[in-house]
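**Q** Dropping a structure here in structure tokens format, bear with me for questions.
The values are calculated or read from the model by the stated rules, or taken from the named source; none is laboratory data. Every value quoted in this text rests on a predicted model; they were computed, and no experiment measured them. So basically every Cβ, Gly included, is an ideal-geometry build from the backbone, and we count neighbours across all protein chains shown.
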Amino acid sequence: MIRKIPVVIAVAILSVFIAPILYVVVRSFEGGQYYELVINNYSYFKYALRTIGYSALSGFLSVVIALPVGYLFAKVRFKFRNIIFYIYILVMLLPFQATQLSGYLLFKRINAIDSPVSLILTMSFSPLAVFLIRQCLMSLPDDIIDAYSLESKSVFRLLKTIVIPYAMPMLSTLFMLTFCATYSIVEQAYIYMPKNIEAYPLSAVLGSVREEGYFAGCVIYLLPVLLVYLVLEKNMLKGMEYYRWS
Amino acid sequence: MKIKGIVKYLWMFLLIVILVFFAIMAVKGREIHEKICPKVKTARVKTIIYGDKSYNCIERNCVRDGKVYEIYKQKSFFNENTRVKAVEVEILEIETKDIPETKDMVAIVSGIDSISRQYFAVVPKEGLTDGETVTISE
């Protein structure tokens, strides 16, 4: 009996998280909500597709950007490596509100205000991504890299044949985390695209769905993220095992 | 194929189905809406008392003193009481439409609310009273 107490506590805590989702799912089946959403809120799906596009692109870019930088911090020795890495950690700790003004000024300079490029770039450059990749690659044995360097000096071939297959679970995790983060942005859309409402992600306009189809809209909003997680789940769990302090 | 093998690809298949559905709706949604929903429909002007003020409304889009209010009832899942909630919209543009077959006049307004959400509303023009039927066409 005593052994079951942790299970009971875990189920109780889980139900606190699951209850709002269950409430939304149950209410979505009343009063023809899905019909109302499909017939009268048809632009919802345009926004949904756009949001999935932003999220997938941000996820892909974050992986492409973080991988070589993470490899640099993990395996290449250069002057001030540790200091630069600690600055990355510090930036990672800053909330978005602390950097939004400098981000706005930067995007204004490159004419990316009111453009989806600002959203995608904001989410693609992430210190957390570099940190995760670095932690993963710290466990890659140096002997393998030394052995490979006897055959080829090309860093790109090294990344392609050794590093990427080794770090694939962590790359899947990173893609998933960036996908989820981009999928639910609201503040960045309002700040970086104040006038271009047509290009907003679905998370920023979900509240505009009429009440008659609102709960159905919320349920459909959950589906892409849930399915992406289920597709990448196995890789993601393997990736979590690599996270260790070394 | 064993069940485990099928489940592995099931989520990928569902994701592709959802993406295809979204794409079809994004392209064809307006067409489907126009085929199914009537182009011309009638609605009754209703006077709703909210607080100590009265508002003239078509469905739930109401107007008073040159401002647009969205008044709708919220049903609670756990009890049967209803609440009326009003959202005030800042009018950006007004287009007055005179429905040719009738003498009804309605105003189509576009505006934003306090958190910059866009609204398009058909509201009664001044002079229309409670119970009058208006014809709305797209």
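**Q** Checking the condition buried (at least 22 other Cβ atoms within 10 Å of the Cβ) and among the β-branched types (Val, Ile, Thr), which residue from A:Val219, A:Val186, A:Val228 passes?
**A** Exactly one residue qualifies, and that residue is A:Val228.
**Q** Identify the residue in the stretch A:121-171 that is β-branched (Val, Ile, Thr) and surrounded by fewer than 20 Cβ atoms within 10 Å (Cβ to Cβ) and, among all such residues, is nearest to A:Leu237 (Cα to Cα).
**A** It comes out as A:Ile164.
**Q** Does A:Lys108 satisfy the condition of being surrounded by fewer than 18 Cβ atoms within 10 Å (Cβ to Cβ), assigned to a helix (DSSP H, G or I) and among the charged types (D, E, K, R)?
**A** Working: surrounded by fewer than 18 Cβ atoms within 10 Å (Cβ to Cβ): yes; assigned to a helix (DSSP H, G or I): yes; among the charged types (D, E, K, R): yes.
The answer is yes for A:Lys108.
**Q** Read through the list (1) within 14 Å of chain A (Cβ to nearest Cβ); (2) more than 18 Å from A:Asn41 (Cβ to Cβ); (3) at pLDDT below 80, then give the number of the only condition that B:Val45 fails.
**A** Only one criterion is unmet by B:Val45, namely (1).
**Q** Has the stretch A:134-148 got any residue that is within 22 Å of A:Thr173 (Cα to Cα) and free of Cβ contacts under 8 Å to residues at least 60 places away in the same chain?
**A** The answer is yes, given that some residue of the stretch A:134-148 is within 22 Å of A:Thr173 (Cα to Cα) and free of Cβ contacts under 8 Å to residues at least 60 places away in the same chain.
**Q** Just to check your reading of the model, which residue among A:Arg134, A:Arg210 is more than 12 Å from chain B (Cβ to nearest Cβ) and either more than 24 Å from B:Leu15 (Cβ to Cβ) or of a type in the set (Phe, Trp, Tyr) (or both)?
**A** Within the list A:Arg134, A:Arg210, the selection yields A:Arg134.
**Q** Can you tell which of A:Ile185, A:Ile191 is at pLDDT 85 or above, of a type in the set (A, V, I, L, M) and in a loop (DSSP other than H, G, I, E, B)?
**A** Answer to the check: A:Ile185.
**Q** In addition: Provide a single number: the residues in the stretch A:194-206 that are surrounded by 23 or more Cβ atoms within 10 Å (Cβ to Cβ) and part of a helix (DSSP H, G or I).
**A** Adding up the residues that qualify gives 2.
**Q** Still on this structure: Give me a count of the residues in the stretch A:98-119 that are in contact (Cβ under 8 Å) with a residue 60 or more places away in the chain and within 12 Å of A:Glu187 (Cβ to Cβ). Steps first, answer last, please.
**A** Quick first cut of the stretch A:98-119, residues in contact (Cβ under 8 Å) with a residue 60 or more places away in the chain only: A:100, A:103-104, A:107, A:112-116, A:118-119.
From the residues that got through so far, the ones that are within 12 Å of A:Glu187 (Cβ to Cβ) too are A:100, A:103-104, A:119.
Going through the stretch A:98-119 one residue at a time, the tally reaches 4.
**Q** Sticking with this structure for a sec: Any residue that is of a type outside the set (Ser, Thr, Tyr), over 26 Å from A:Leu37 (Cβ atoms) and either surrounded by 12 or more Cβ atoms within 10 Å (Cβ to Cβ) or modelled with pLDDT of 60 or more (or both) - is there at least one of those in the stretch B:81-91?
**A** Among the residues of the stretch B:81-91, at least one is of a type outside the set (Ser, Thr, Tyr), over 26 Å from A:Leu37 (Cβ atoms) and either surrounded by 12 or more Cβ atoms within 10 Å (Cβ to Cβ) or modelled with pLDDT of 60 or more (or both), which makes the answer yes.
**Q** Restricting to the stretch B:44-63, count the residues that are buried (at least 18 other Cβ atoms within 10 Å of the Cβ) and either charged (D, E, K, R) or not assigned by TED's automatic domain parsing to the domain that holds B:Glu90 (or both).
**A** 1
**Q** A follow-up question, please. Looking at the stretch A:155-166, can you tell me whether even one residue there is more than 17 Å from the chain's Cα centre (by Cα) and closer than 30 Å to A:Leu222 by Cβ? It would help to see each step written out before you state the result.
**A** Residues of the stretch A:155-166 that are more than 17 Å from the chain's Cα centre (by Cα), as a first pass: A:155-166.
With closer than 30 Å to A:Leu222 by Cβ added as a condition, the list becomes none.
There is no residue in the stretch A:155-166 that is more than 17 Å from the chain's Cα centre (by Cα) and closer than 30 Å to A:Leu222 by Cβ.
**Q** For the stretch B:39-64, enumerate the residues that are assigned to a loop (DSSP other than H, G, I, E, B) and in contact with a strand residue (DSSP E or B) (Cβ under 9 Å, 6 or more places away or on another chain).
**A** Once the filter is applied, which keeps residues that are assigned to a loop (DSSP other than H, G, I, E, B) and in contact with a strand residue (DSSP E or B) (Cβ under 9 Å, 6 or more places away or on another chain), the stretch B:39-64 yields B:Lys39, B:Gly51, B:Glu59, B:Arg60.
**Q** Run down A:Thr122, A:Thr173, A:Thr178 and say which single residue is in contact (Cβ under 8 Å) with a residue 24 or more places away in the chain and over 21 Å from A:Phe73 (Cα atoms).
**A** When all the criteria are applied, what remains is A:Thr122.
**Q** Which residues, counting only those in the stretch A:25-56, are surrounded by fewer than 17 Cβ atoms within 10 Å (Cβ to Cβ), part of a helix (DSSP H, G or I), among the hydrophobic types (A, V, I, L, M, F, W, C) and more than 9 Å from chain B (Cβ to nearest Cβ)?
**A** Of everything in the stretch A:25-56, just one residue is surrounded by fewer than 17 Cβ atoms within 10 Å (Cβ to Cβ), part of a helix (DSSP H, G or I), among the hydrophobic types (A, V, I, L, M, F, W, C) and more than 9 Å from chain B (Cβ to nearest Cβ), namely A:Val25.
**Q** Kindly establish whether A:Val63 is part of a helix (DSSP H, G or I), touching a residue at least 60 places away in the same chain (Cβ under 8 Å) and closer than 22 Å to A:Phe175 by Cβ.
**A** So A:Val63 fits the description; yes.
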